[in-house]
Structure formats: C-alpha cells, structure tokens
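All remarks here apply to the structure that follows.
Nothing in this text is a laboratory measurement; each read-out follows from the coordinates by a stated rule. Every value quoted in this text rests on a predicted model; they were computed, and no experiment measured them. Because the Cβ atoms are built from the backbone with ideal geometry, glycine has one as well, and the counts that use them run over all protein chains shown.
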Amino acid sequence: MNDVVFSVRNLVKEFPSRDGAAPLRVLKGLDLVVRRNEFICILGPSGCGKSTFLNILSGLDPRYSGEIDVGGRKFKAGKPPLRIGYLFQEPRLLPWLTAEQNVDFAMRSCRIPASRWTALKDRHFHLTRLDAFRGHYPHQMSGGMCQRLALVRALCVEPDVLLMDEPFSGLDELTARRLRVDLLDIWRDTSKTIIFVTHNSYEASFLSDRILMMSQGEVQQEIPIDVARPRDYDDPEIFEINRRVVKLFLEVAQAAAPATP
Amino acid sequence: MMIRLVSIAAAIALWWLLSLAFTASVLPGPWLTLQTLVENIAAGNVLIHLWMTLVRVTAGLALALLIGVPIGVLMGLYRQVERALDLWVMVGLTVPSLCYALVCFIWLGLNEAATIVAIGITAAPSIAINLWEGVKNIDTRLVAMARVFEARRWTVFRRVVLPQVLPYVMASVRFGLGIIWKIAVLVELIGRPNGVGFQLFYWYQLADMPQVLAWTLLFTIVMLIIELAILKPIEHRLFSWRPRVEL
C-alpha cells in the first residue's frame, strides 16, 4: 500500500515514576494507520496521551516501544524519515525575529533550497492573510495572528505530514472558528496529511475525515466523518455528528473512570 | 533627557549649597573640585593613572567572565554541577573582596597579575549566579520547536539558546563592571603604586579633600561615559526587538 504515510503498531510509552513505583503507562499499545492526504483528528480528554503520541511521531521523543512504519520504511528512533510540520498549542515563535525571519529560520533548519524561499513564503503568507505583517515582531501581533504565523512556518518547510497539537485551544472562539475554516481551505489547496489532536469534539467533527477517540492510552473508537467538502461550519449534519461523537466520548470517558459520577 | 539634565543640575546645586556650610577641607564645592580636576589634567598625570585603572578593570572583567560564565552555564544545565557548586558560589560571594586582594598579593606578589586575579575572582561569583539563573530560564519549548524543524545542535545553540541567555550575559557585564570598579580601586589602594585608587588614598593621607573629590568625580564621569557610550548602544542593538514595558 503506497499511500500509507504512517502505520503504528502496538506503540507503548512509559514514564518512569520517581519513587520507585510501577512506571506510568501513557500509551498502552496504540494502533493507527494514516493515509496520504488524510485529515485525522485524535480526540481525547486531557492526559490521555495525545501529546505524547505526537512527540513520538515528530521524533522529539525517541524512547518508546512498538513499531512505526513510515511509507513502508522503519521509523528510526528520533529521526523521522519524512518532513514534519508541527503546530504547537502555543505559537512558539522566536520573539527576537520578525515574522518572516521566523519562517526563514525553519526553512534554513530544514535545508529548503534558498531558491524556493520567496515563492513558499509568498504563497503561505498570502493563504493566511499575513502579507502585511511579514516585518512585524511576534509581540506586535495578536494571538490568532501568531498562531497563523506558526502555521505559515509549518507549511513553508514543505512537510509531508502536519502534526497539530490543540493549536486553537488557546484562542478565543471567534478566532479559533475562523482559523478552522481557514485551515480546511489551506488543506484543500496544499493537500497535506494532517494529524490533528484536540479535546474539542465539534472541532474534530468539522475538520476531519476520521476521528480517533483516544482514552487511557489507547484508541477506543474510530468514527468516519462522511460529510462532503467543502464543509460549512454551521452545517446541521455536522451538529448531528458532533452530538453522536459527544455521546460516544462520554461513554468512553465513563468506561475509563466508572467510579466518578 | 530633560529630566536627566534637571536632576544633574539639582544634584550639583545641592552639593554647592552643602559646601557653603563647610570649609573646603571638609566639603569643597563643585567649582573648586572641577578646578582641581582641570589642573590635574593640565599637569598631565591623570591619564596614566586612569589608564592603569581601566586596564585592570577590563582585564579583571574579562577574567571574571571567563570564570563566571562557564560555571553559571554548567550549573544551569546540569543538576549535578549545580549541587556540587552552589554552596561554593555563595561562599565566593560572601568573602570580602579585601580578603581576595590580600591573599592574591601574598601568594602572587605585589604585581599586576595578582591585581587582576583578585579583581576577577571577586566578581566571578555574581556573574556565575546571573548566568545560572539565565540558563535555568531558557524556554525549552522553543528548543523543542527548533528540533522539530530539524535544526542542528549548533544552530539550536546559536539561534535559540544564545539569544535567550544574552540578556543575562549583558546584565552580568553591567553588574560585574559596577562591582569591579569598586574592587579595582580598593586593590590599587593596598597594593599598587598607580591608578585612581592609589591617587585617592594618597590625597586622603594628605587630607586634601578637593583632590579626593576631584578623583572621585573623574572616576564617575568615566564610568558614565562607558555606560552611555558603550554598554547602552550595545544593549540597544541586541535587544531592540523587545517590547517596552508599560505600566
């Protein structure tokens, strides 16, 4: 199968505990297949291991057990064989560089040939409507603009996969909503593979092709979202799906912690 | 700028008013002090003393940075180094500079090397503490970001870590310089045949207050020039990206 980008089998991640007790198991045998150009949302409550999973996929965390194949090749610990674009929960911009220099930094680090820089920047600054702010410093921009700039940075390195870790959770609802709509447009225009982590079920229902519901370090449910694209944020169909997703979400959460009311 | 000028004028006025109440051997006025200073400069023996002090200060600062920066950085990076050294940095900070000066003169002799070593060792602990604090405050989330974007180790250091530590280096240079001026004069007083400290002590022994104040004034002016003409512009260039704090 040529169009499989990631295939993850039995991924286990443990954090050693401090006082000699049993280590904390954050991922307990995660299985997942991600296909090219797919938009996947991983939905789960805080502390379910979502971010840990992204850290492993991005190569930041080389200590895990299990198998990860990338395009048919083995994933070497700490060195993903494909280019990752990462959107963190916070923008994580370098405050002493202007918007454009921040993007340059990432492109230089990823060794994107300099001849392509201008075209890449023009395109993505335009897509995110940040053209007028290329010379601004991050502290001169709003939170939403900073996150959009982080998206420009992630796209300009021409990633094979975009990993997004609750990128809109720190923004106000109006800004977040606009960015979600923008993200789908950009995704359509750039045809990337996206793995998007969130705890917001409506966000997941609106954005993704598939929702993987995660809890207790495992994927508990897989929910395909068959709404035609382009999607309308206020589509009743998405509301309906979201209702089902929330219901499942509650069931999964209850199964995980039956003692709590 | 206006406020600064007014505050300087006010200080000189206050000095002048106070000096009216005392004789010149206790508190000479601004005019007499300035006259003494100008006469000294005209007599031509000021530059060599000032130069010697400046050389000692610069060399001492360089030595202090050479000792303090690596210690501070290592303490910030590694917990083991931190545990091994934090007590000694505190001890180093507490020992009076006079003790360092005396020990250095006894061990190394009454020479330039001993002077510079004494100055460097006295100032090193406070520089180490500054850097220690600075390295601990490095935003590791930015480091993770750079690694995700495949930045090499050296790039991460130069473009992500260094800019975060630089303000602390700058602060410790400033802070260190302030301490070092004071130590340098003290060390000159006890062990050197020239320099501003030597001159101060010489005139003190002759109970010549106008001369004591003239040398103090000279010293202060030179320090201000260094601060305004060298440190401020460097700081401005390095940190112009930083937003101003407005309360």
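Right, B:Met145: over 16 Å from the mean Cα position of the chain (by Cα) and closer than 29 Å to B:Phe239 by Cα or not? The answer is yes for B:Met145. Within segment A:152-164, the only residue that satisfies the criterion of being farther than 16 Å from A:Ala119 by Cα and either in a helix (DSSP H, G or I) or acidic (Asp, Glu) (or both) is A:Asp160. For segment A:100-121, filtered to residues that are more than 12 Å from every other protein chain (Cβ to nearest Cβ) and hydrophobic (A, V, I, L, M, F, W, C), the residue that is farthest from B:Leu142 (Cα to Cα) is A:Ala119. Among the residues making up segment A:131-151, those that are of a type in the set (A, V, I, L, M, F, W, C), within 21 Å of the chain's Cα centre (by Cα) and either more than 11 Å from every other protein chain (Cβ to nearest Cβ) or not in a helix (DSSP H, G or I) (or both) are A:Met145, A:Cys146, A:Leu149, A:Leu151. If the condition is being surrounded by 22 or more Cβ atoms within 10 Å (Cβ to Cβ) and either assigned to a helix (DSSP H, G or I) or in contact (Cβ under 8 Å) with a residue 24 or more places away in the chain (or both), then segment B:135-159 contributes B:Met145, B:Ala146, B:Val148. Criterion first (closer than 22 Å to B:Leu66 by Cβ, within 14 Å of chain A (Cβ to nearest Cβ), in contact (Cβ under 8 Å) with a residue 12 or more places away in the chain and over 24 Å from the mean Cα position of the chain (by Cα)) does B:Val165 satisfy it? No: the conditions fail for B:Val165.
For segment B:195-247, the helices (runs of 4 or more DSSP H) that sit wholly inside it and include 3 or more residues that are surrounded by 14 or more Cβ atoms within 10 Å (Cβ to Cβ) are B:196-205, B:209-226. A single entry from A:Ser7, A:Ser46 fulfils the requirement of being touching a residue at least 60 places away in the same chain (Cβ under 8 Å), assigned to a strand (DSSP E or B) and more than 21 Å from A:Leu151 (Cα to Cα): A:Ser7.
Checked against the criterion of being buried (at least 17 other Cβ atoms within 10 Å of the Cβ) and over 30 Å from A:Gly143 (Cα atoms), the candidates A:Val26, A:Val4 yield just one match: A:Val26.
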